[in-house]
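Step one of this worksheet: look at the structure below.
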Amino acid sequence: MNDNSLTRIQPDWYSPTRLLDTPVDYDFPGDRFIPNRSLMDLDQAHTLLINRTNNKLRKPNFNDEYRRKMEENLKLDVEGRPFRMLVFRGSPKSSRKSTRLIDEMRRSDKEIPLQTNENRRYRKFPLKASRALDAPLLSDDYYSNVMDWGKSNILAVVLGSILYIWNAQVQKAGVLMEVKREDDCPTSVAWSDDGKIVAVGCDSSKLQLWDAETSRLVRLVNVRDLQGHQSRVGCVAWNGHILTSGSKDRSIINHDVRARSNLVSVTRAHGGEVCGVKWSSTGNALASGGNDNLVYIWDSFKTSSRHYMHRFNEHHAAVKALAWCPYNSDVLASGGGIDDGCLKIWNTQKGTCISTNETGAQASFNITFAIFLSNDISICGLQWNRHHKEILSGHGFGTAESHCQLCLWSYPSMARIGEPLRHASSSRILHLSQSPDGLTVVSAGADETLRFWEIFGPPQESSQNVTHLDNLLSLKASAVR
């Protein structure tokens, strides 16, 4: 045999055509650009390289018969099929026994039955509200936040000068507090994390805590009210024992409800009324929106006017609707008011806008044939779906009656799901909140009604019992190298 026989290259050996033509079923356990070292003999390769390039280094006992045997071993496998030293394919499945752990994992995955169409639960998109309650004297005010659904499954809503609580389980309503003066009406409510205490901000700048079980005002150390604001308190939010409030006086105040001196910090960064405040699920970041069209992101340890994390100025109207993503604590959704109508998704870690959705252009038309209208539609509320990657927006103040509606968007594509749900014929949506189980959303409209929508359920059964470790070890979706 010629010494140069080993240097001749078969150009089609590892080409896609050659692989497709071979009747052997091959396995691909690794990257195609990384040689499979289990099929190599590096010592033989090194010896062959030396013998091929420098005949002077050849040992005397390397006779022709020895070289012939070596070439056969290098060019043919144990079954007599052509063999290359450096291959970019796996070994035939029929010639290799499963001795590695990865093979056992693959076999166990194949034995797990897949979910069939018979036992899969499909979501049914609602065409109308499942329940409607009268809400007389509900204030038609964009800058107030007078509805919240607590973890104890009790809905708090302000009607006129009275704060009502409605128990969703027993479907019974009661009065929690009532004010005597018209200029002292509640303008914001928020349940504590344990669902026992309601924080109530008033038009007169008062901020109080009410016990829902005893229907009594919670007296703090030496004070009845939390002090600090000079005008109406339009938004409140809890973060453990810290209560954050935003006011028409343009300030944001953090109160420690446990301390004798409850005022922790005062922030004055907004140039207009503070319309919304929301804490992230981790409690590490606070988002605030204002009538100055700005969104600020604050670090929980540096809530002062000079130490904000990010300042977003891409909205063109007041920002009331704020919602943190439940499955990514660094993602925030914000909605602009009239003349803006944009739903924006932000990455608060990088300080960038992930996407902008012109909801006014898609509210009444299919997204493929969207006609960009004048953006006189406003976003009054946002709620994330905790069971599916979706977000719900509540709208109002549009040129068409159909603009006063609810729209469901898929995340992160932000494509609209189904047709918009109309709250009322011509009255805008003012507030949105969702039940503790995350399946039902309630909308409060200027038509003085509360409407309940079964829009977020049912939860995904397939993902409830799968842990992060299971996803990592499973080889159904991705191969493990």
- Message: Condition first: over 25 Å from Ala318 (Cβ atoms) and in a strand (DSSP E or B). Now tell me which residues in segment 243-292 satisfy that.
- Response: Asp256, Leu263, Val264
- Can you pull out the strands (runs of 3 or more DSSP E) entirely within segment 161-240 that have at least 3 residues that are open to solvent by 70 Å² or more (accessible area, probe 1.4 Å)? 172-178
- Note on the structure: Of those in segment 424-458 that are in a loop (DSSP other than H, G, I, E, B) and more than 20 Å from Ala168 (Cα to Cα), the residue modelled with the lowest pLDDT is Ser425
- Item | Matching residues, segment 242-264, being farther than 15 Å from Ala285 by Cα and of a type outside the set (A, V, I, L, M, F, W, C) | Gly246, Ser247, Lys248, Asp249, Arg250, Ser251, His255, Asp256, Arg258, Arg260, Ser261, Asn262
- Message: When the residues of segment 328-362 are narrowed to those that are over 14 Å from Ser280 (Cα atoms) and among the hydroxyl-bearing types (Ser, Thr, Tyr), which ends up least open to solvent (accessible area, probe 1.4 Å)?
- Response: Thr359
- Message: Testing His307 on (1) open to solvent by 10 Å² or more (accessible area, probe 1.4 Å); (2) under 23 Å from Ile379 (Cα atoms), one condition comes back false. Which one is that?
- Response: (2)
- Task: Please specify each residue of segment 135-158 satisfying the condition of being surrounded by fewer than 19 Cβ atoms within 10 Å (Cβ to Cβ) and more than 22 Å from Arg422 (Cα to Cα).
- Result: Lys151, Ser152, Asn153
- Select from segment 309-349 the residues that are of a type in the set (Ser, Thr, Tyr) and outside any strand (DSSP E or B) and write down the one among them that is modelled with the highest pLDDT. Thr348
- Just checking, how many residues over segment 237-282 are without any contact (Cβ under 8 Å) to a residue 40 or more places away in the chain, over 17 Å from Thr187 (Cα atoms) and touching a Leu at 6+ places or on another chain (Cβ under 7 Å)? 1
- Message: From the list Ala173, Ala168, exactly one residue is among the hydrophobic types (A, V, I, L, M, F, W, C) and touching a residue at least 60 places away in the same chain (Cβ under 8 Å). Which is it?
- Response: Ala168
- Where residues in segment 249-270 are open to solvent by 50 Å² or more (accessible area, probe 1.4 Å) and either of a type in the set (A, V, I, L, M, F, W, C) or at pLDDT 95 or above (or both), which of them is farthest from Trp346 (Cα to Cα)? Leu263
- Message: Residues that are surrounded by fewer than 19 Cβ atoms within 10 Å (Cβ to Cβ) and in contact (Cβ under 8 Å) with a residue 12 or more places away in the chain: does segment 320-327 have at least one?
- Response: yes
- Message: Looking at Ala132 and the list (1) open to solvent by 20 Å² or more (accessible area, probe 1.4 Å); (2) closer than 26 Å to Asn239 by Cα, which single condition is not satisfied?
- Response: (2)
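The values are calculated or read from the model by the stated rules, or taken from the named source; none is laboratory data. Since this is a predicted model, take the numbers as computed values, not measurements. No Cβ is skipped: glycine too gets one built from the backbone with ideal geometry, and neighbour counts run over all protein chains shown. Remember, those area values only see protein heavy atoms, side chains included, never the ligands or the DNA or RNA. Shrake-Rupley method; radii C 1.70, N 1.55, O 1.52, S 1.80 Å.
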